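Right, one structure below, let's go through it.
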Amino acid sequence: MPIPYDRPTFELLRTRIGSDLAQVPAVLRGPLSSMWSKTAQGIHGHLDWIDRQASPLTCSIDRLYDWAGLYSVPRLAATAATGNVQATGTAGASVLADAVLRANGLDYTIPQATELGIGDTPVAIRCTSTGAAGNLAAGQTLTLVDPLPGVSSTFTVAAGGIAGGAEDEDVEAWRVRVVDEWQTRTTEGARGGRPDDYKFWAKSAHPSVSGALVQVGVLGAGTVVIRPYCNDLPSRMPTQQILDAVAAYFAQTVPATADWSLTAPIQHAVVVSLDLDPSVDTAPNRAAITAAINASVLAEGDEDSVLRLAEIDVAIATVTADYTRAAPLADIAVGPGEILVLEQPITWL
């Protein structure tokens, strides 16, 4: 086992050095001991820094880029939202390529010209900015910046929404992927198609993917079904844009002989019903309890996940002990292909 080492504090170093300078005149002893202590403290600090860089688990972000480069795990860059809108106007009129739509202060461009038909015509658009702010729900409207002959200036987001926009990958999530690859390479060798490999590849395809369920052989011998999930998205469900990004990544990464398919997980609702004591039944407490229980639910992301009653009670207890839990009344286990999702709002009795 490694020998534990306690880094000496500045005060301890100054005391030690002061003792060593006992024979030096007092007028010099204080300044000299302080000067040497600061020097020694800086050396100890630099040695601590060097030690942290020896592992991707603890290294600084600059060195994490080095580790990531060594194991080919680049940080995922922010992505732009894409999807379809419904255009209306005179049949035969054209929505020109590179036309600009605007919503919520962001611009969206049309990648290719589309001729309007009778009624609503689907038109593909892409946000010019990356990030989650570019995502729009179905039914939201966008406005054409420069009018086009025969085309209504108002466009409506189609079913499925404008989605897939995400921020740069979180540094700690990236660190986990780098460490995962480091451990896999050093203990098991190259990735070739184990269940954990598919989970790693799914998380490497899009910054919104938090993990994936992997089902082997459910569609026949040699088949693999991968179900990515996204903890930061509503109901943990991947959008079609995210599934498309994962599919594109798999097409260039997964061994050519693998028989894989992608689909969204099946939602398994976690229904919670609570009766808070009137003395603690406040809006902030309700919000805090909801967040705590949801965190426990999001922590479950395996094929055999079980959310135990004790976990729910521990989550509630971080806020208050004055409650009665009416539901659930038993541990909640997932079925094949299922992911736990907290049904919101919680029922407050």
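Table for the structure above
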| item | result |
| --- | --- |
| Qualifying position, being farther than 24 Å from A212 by Cα, surrounded by fewer than 13 Cβ atoms within 10 Å (Cβ to Cβ) and of a type in the set (A, V, I, L, M, F, W, C), among L329, L276 | L329 |
| Residue list for the range 128-174, filter: of a type in the set (V, I, T) and either part of a strand (DSSP E or B) or on the phi > 0 side of the Ramachandran plot (or both) | T128, T130, T141, T143, V151, T154, T156, V157, I162 |
| Among (1) assigned to a loop (DSSP other than H, G, I, E, B); (2) in contact (Cβ under 8 Å) with a residue 12 or more places away in the chain - the single one A22 does not satisfy | (2) |
| Residue ID - surrounded by the fewest Cβ atoms within 10 Å (Cβ to Cβ), chosen from residues in the range 147-194 that are β-branched (V, I, T) and closer than 30 Å to G117 by Cβ | T154 |
| Residue in the range 226-249 that is farthest from P336 (Cα to Cα), counting only those that are in contact with a Phe, Trp or Tyr (Cβ under 8 Å, 6 or more places away or on another chain) and surrounded by fewer than 20 Cβ atoms within 10 Å (Cβ to Cβ) | Y249 |
| Cβ-Cβ under 6 Å pairs, at least 6 apart or on other chains, the range 245-259 side in the same structural domain as V225 (by TED's automatic domain parsing), far side part of a helix (DSSP H, G or I) and surrounded by 15 or more Cβ atoms within 10 Å (Cβ to Cβ) | V246/A202; T253/W201 |
| Subset of the range 238-264 [under 19 Å from S208 (Cα atoms) and among the acidic types (D, E)] | D244 |
| Hits in the range 309-349 - residues which are closer than 14 Å to A292 by Cα and part of a loop (DSSP other than H, G, I, E, B) | T318, V319, T320, A321, E343, Q344, P345, I346 |
| Among residues of the range 272-302, those that are touching a helix residue (DSSP H, G or I) at 6+ places or on another chain (Cβ under 9 Å) and among the polar types (S, T, N, Q), counted | 2 |
| Test: residue in the range 86-109 that is loosely packed, with under 13 Cβ neighbours inside 10 Å, touching a helix residue (DSSP H, G or I) at 6+ places or on another chain (Cβ under 8 Å) and without any contact (Cβ under 8 Å) to a residue 60 or more places away in the chain | yes |
| Members of the range 77-108 found to be more than 21 Å from A133 (Cα to Cα) and out of contact with any Ser or Thr (no Cβ under 6 Å at 6 or more places or on another chain), listed by number | T90, A91, G92, A93, S94, L96, A97 |
| Residue count, the range 192-227 (criterion: farther than 29 Å from A132 by Cβ and of a type in the set (K, R)) | 1 |
| Qualifying residue in the range 298-306 (condition: part of a strand (DSSP E or B) and either surrounded by fewer than 17 Cβ atoms within 10 Å (Cβ to Cβ) or polar (S, T, N, Q) (or both)) | yes |
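Each row is one residue, and each column tells you yes or no for (1) at pLDDT below 75; (2) of a type in the set (D, E, K, R); (3) touching a Ser or Thr at 6+ places or on another chain (Cβ under 7 Å).
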position	(1), (2), (3)
E11	no, yes, no
I17	yes, no, yes
A22	yes, no, no
V27	yes, no, no
T39	no, no, no
G42	no, no, no
H46	no, no, no
I50	no, no, no
A54	no, no, no
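The values are calculated or read from the model by the stated rules, or taken from the named source; none is laboratory data. What you are looking at is a predicted structure, and each value in this text was computed from that prediction instead of being measured. So basically every Cβ, Gly included, is an ideal-geometry build from the backbone, and we count neighbours across all protein chains shown.
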